[in-house]
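Participant: First the structure, which I've put down as structure tokens, then a few questions once you've had a look.
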Amino acid sequence: MNSELQFGSGLALLTGVLAIALSLVHLFARNIRSFNTIPRSRWLSFSSGVSVAYVFVHILPDLSEAQETIRETLDETSVNQSLLFLEHHIYLMALLGISVFYGLERAVTVSRQRNQDSGKGDIPEIGIFWLHIGSFALYNALIGYLLFHREEPGLWSLLLFAIALGFHFIVNDYGLRDNHKHIYDKTGRWILAAAVLVGVAIGYGTHIHEAAIALLFAFLAGGIILNVLKEELPEDRESHFGSFALGAGIYAVLLLTV
């Protein structure tokens, strides 16, 4: 897994442009009215399929290879021994990503139900809102950071990552707006848009070990899987399996041929 920065070339500038484009997804996705319909927009299901395809066809195979290649490059020091342990159990980080976002989703669901029962409306409590948005802000900052520190260097790796995460942001934006209503439009989306740019800025100025990059990608993979499936599986969403399968199939073929 190579996380070498692409400074000194047009690729660094393109990375910044793509980061801005990802931020704009959160700012303008609400303007696409077809997303806010039941049955669920076919484009949302298509976007979910693209996101999942990227995880299973691109991220997870690279993480499997990283378990061996990174272990061979780490020095035998006490600090690196702890990294070796984590790298050996890299899929635990993916499980952690799933668990963290499942816990957040449950907290939001319980809070919405509690407010409904007490006549305060179908939105979570304000504390849960900030917990939820704060967590997704860190998630977006991680994605911004990984724009500069990808598992593979090069133009195609950057474009495939940005396209997949752009579709993923559409899915996340829909779910967050459904949960938090007007407060998300007023405050939450701006925080998430800014978080991507903060992550890119940190990525531009810092560099961490390849083992840590692998762990971050594993956590991201788990988060993507959970956040996609929680939007697709509920019966009241009336999702489109055909659109989901089409998105997953097209992007899988693209990833395998590029």
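Participant: Considering (1) more than 24 Å from ASN31 (Cβ to Cβ); (2) touching a His at 6+ places or on another chain (Cβ under 9 Å); (3) surrounded by fewer than 20 Cβ atoms within 10 Å (Cβ to Cβ); (4) of a type in the set (Phe, Trp, Tyr), say which one TRP190 fails and leave the rest.
Facilitator: Unmet condition: (1).
Participant: If you don't mind, another one. Do we have GLY247 as buried (at least 16 other Cβ atoms within 10 Å of the Cβ) and under 13 Å from the mean Cα position of the chain (by Cα) here?
Facilitator: Criteria not met by GLY247.
Participant: Could you tell me whether GLU238 is at pLDDT below 85, in contact with a Pro (Cβ under 8 Å, 6 or more places away or on another chain) and of a type outside the set (S, T, N, Q)?
Facilitator: Spelling it out, GLU238 is indeed at pLDDT below 85, in contact with a Pro (Cβ under 8 Å, 6 or more places away or on another chain) and of a type outside the set (S, T, N, Q).
Participant: Output the number of the condition that VAL108 fails; it satisfies all remaining conditions of (1) of a type in the set (A, V, I, L, M, F, W, C); (2) exposed (fewer than 12 other Cβ atoms within 10 Å of the Cβ); (3) modelled with pLDDT of 90 or more.
Facilitator: All conditions are met except number (2).
Participant: Now for a separate question. Are any residues in region 112-126 more than 17 Å from ILE183 (Cα to Cα) and in contact (Cβ under 8 Å) with a residue 24 or more places away in the chain, and if so, which ones?
Facilitator: Residues satisfying the conditions do not exist here.
Participant: I've got another one for you. When you scan region 197-205, do you find a residue that is at pLDDT 85 or above and under 14 Å from VAL171 (Cβ atoms), even just one?
Facilitator: Among the residues of region 197-205, not one is at pLDDT 85 or above and under 14 Å from VAL171 (Cβ atoms), which makes the answer no.
Participant: Among the residues of region 165-180, are any of a type in the set (Lys, Arg), buried (at least 20 other Cβ atoms within 10 Å of the Cβ) and either over 20 Å from VAL25 (Cα atoms) or over 19 Å from the mean Cα position of the chain (by Cα) (or both)?
Facilitator: The answer is no; no qualifying residue exists.
Participant: Looking only at region 111-146, how many residues end up being under 30 Å from LEU14 (Cα atoms) and of a type in the set (D, E, K, R)?
Facilitator: 0
Participant: Also, I was wondering about something else. Tell me, which residue of region 133-157 that is surrounded by 19 or more Cβ atoms within 10 Å (Cβ to Cβ) and either in contact with an Asp or Glu (Cβ under 9 Å, 6 or more places away or on another chain) or among the β-branched types (Val, Ile, Thr) (or both) is modelled with the lowest pLDDT?
Facilitator: GLU151
Participant: While we're here: Looking at this structure, is ARG42 of a type in the set (Lys, Arg) and modelled with pLDDT under 60?
Facilitator: In short, no.
Table: residues versus (1) acidic (Asp, Glu); (2) surrounded by 13 or more Cβ atoms within 10 Å (Cβ to Cβ); (3) at pLDDT below 80; (4) under 30 Å from GLU232 (Cβ atoms).
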| site | (1), (2), (3), (4) |
| --- | --- |
| GLY10 | no, no, yes, no |
| ALA19 | no, yes, no, yes |
| ILE38 | no, no, yes, yes |
| SER47 | no, yes, no, yes |
| VAL50 | no, yes, no, yes |
| THR69 | no, yes, yes, no |
| GLU72 | yes, no, yes, no |
| THR77 | no, no, yes, no |
| GLN81 | no, no, yes, no |
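Participant: Going by the conditions given, is LYS230 surrounded by fewer than 23 Cβ atoms within 10 Å (Cβ to Cβ), of a type in the set (Lys, Arg) and modelled with pLDDT of 85 or more?
Facilitator: no
The values are calculated or read from the model by the stated rules, or taken from the named source; none is laboratory data. Treat the numbers as computed from the prediction; the structure is a model and nothing was measured. Methodologically, a virtual Cβ is constructed for each residue, glycine included, from the backbone with ideal geometry; neighbour enumeration extends over all protein chains shown.
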